[in-house]
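Below is one structure; the comments refer to it alone.
Each value in this text was obtained by applying a stated rule to the coordinates, not by laboratory testing. The structure displayed is predicted, hence computed values, not measured ones. Don't worry about glycine lacking a Cβ; one is built from the backbone with ideal geometry, like all the others, and counts go over all protein chains shown.
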Amino acid sequence: MSGMIFCPVCERPVNEGLAICPYCGARLKGGDTTIHPARYVEDPSRIRYTSASAAEPGVTKESKDQGRNSGKSRNGGKIAVILALLVVFFVLLSLFQPLMMNAASSSFFNMLSRIPGFHSGAEYPQIPLSDSNPDYLSLSNDFSFQDGVVGISYMVDRNLYTAASNTRKDVILYDNVSRTEWEKKLYQVMIDDPGLALFYESVLTQLRDYAEARHLDTDEYLELIASFVQSIPYSTDNINTEPKYPVETVYGNRGDCDDKSLLMAALLSHEGYDVVLFLFEPEEHMTVGVRSDGCSYMGTGYAIIETTSYAMVGWEEIQFEGLEELYSTPLVIPVGNGTIPYSACDQVSYIYSIYSSQNVGFDSLEQQITQLESKLESELSQLNELGDRMSRMKASGNIAGYNSLVSQYNSQVDIYNSNGRRLKQLVEEYNENANLVNEINDRQYDRPGLYQLAKSG
């Protein structure tokens, strides 16, 4: 009987003289070098194994099996070590990924970013979805709009507010991402977070119902939304300076410029308006812009909307806490895919022209009033001095001297009274202008009413 060898593929014993394994079709070393078609045995149990004495010289069948098993163990151990090293590598890699914020531009990290499973770009915040049932709280706001006060009530999920409050609002950079790019993306993802959809709808449903009941046009509806946000008290958080999700601003009923700007931009974009955020980095200020051909801010094509207090859309005199004016060119951050523009800038511009002319007149009137008050004070002093002199003459019996001064005294009295009347006119004119300017300042939530007032004035 010929000797036995083991197939290097299926590891079954076969006759030494065979060139092809009858079980798997693999080519065998030695034996017939002619290539034969693979042969298959229907019932492998019929194959008879030779005894141990018929195995390869010096190696029993059992020892051959042991040799094969020990080889497999050594190979398995090598694979396990390699896998363990890979696991350690990727764990360490994930721990050091945030350090890439300062080294993102290096070629080393650019090379690592091509490794499968390695983060690239930047990681932005997202409110975690909750499996718990909503815990709704009823909130309400009263705010001035046009010639009255609007009151709305809506529901906010406490769980959503808590999740948003606990969400970190920072950005983790894994690549060489510019500040402009990640700043834009951060504000955009905070506005478009999927978890805020129901919150937006709850607030907008109330505003939408009010607008429909009063037949507001698209410009007035935008102003309604703006007035709602502007009415929320302005407040800065010196401890937690990161921007807040819109639900946090509404739930806490307070916010600073970026908090309120995110809220306003979110509500307007969800209602189809073409809006952007204006980020003034040197001034550390943020506002909202809406597409408008009539009052483009610094050539951007968008009318500016101040969010920290009541302000008309496109109002050129921006007033906010901490700074007197904006001077830098803003970073323009698109929000949403809205297309509705604002088309009432012609009225806003007219109101502002009246407002500006009155302010310019203030300087002239104030100067005239100051000069006339000084002159009247001097004239009164001269009259008092002349009157005392005349009184002493009369008391001493110098009637002739007294009578000689009567005409001079009366003439000075006439001049004093004339100047007094002129001062009264200037003061009245000043007060009228002041009333108009103050009215415009105080009623920034009523563009249609102020337009009629400016026209009549």
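Numbers for the structure displayed
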| quantity | calculated |
| --- | --- |
| Extension reserve of the Arg214-Ser343 stretch, reckoned as 0.36 nm per residue once the Cα distance is removed | 44.5 nm |
| Residue-span extension gain [Tyr350 to Val427] - 0.36 nm each, minus C-alpha spacing | 25.2 nm |
| Peptides ranked, highest mean first, by Cβ atoms within 10 Å: ranges 212-224, 121-133, 254-266 | 254-266, 212-224, 121-133 |
| Distance in nm between pseudo-label sites at Ser378 and Ala400 (7 Å out along the Cβ direction from Cα) | 3.4 nm |
| Listed residue (Leu376, Met390, Ile415) projecting farthest to the positive dipole end of segment 347-456, Cβ model | Met390 |
| Electrostatic dipole magnitude of segment 136-343 [Cβ: Lys, Arg +1; Asp, Glu -1; Cα centre; debye, to 20] | 600 debye |
| Ranked by how many other beta carbons lie within 10 Å on average, peptides 365-372, 281-288 from highest | 281-288, 365-372 |
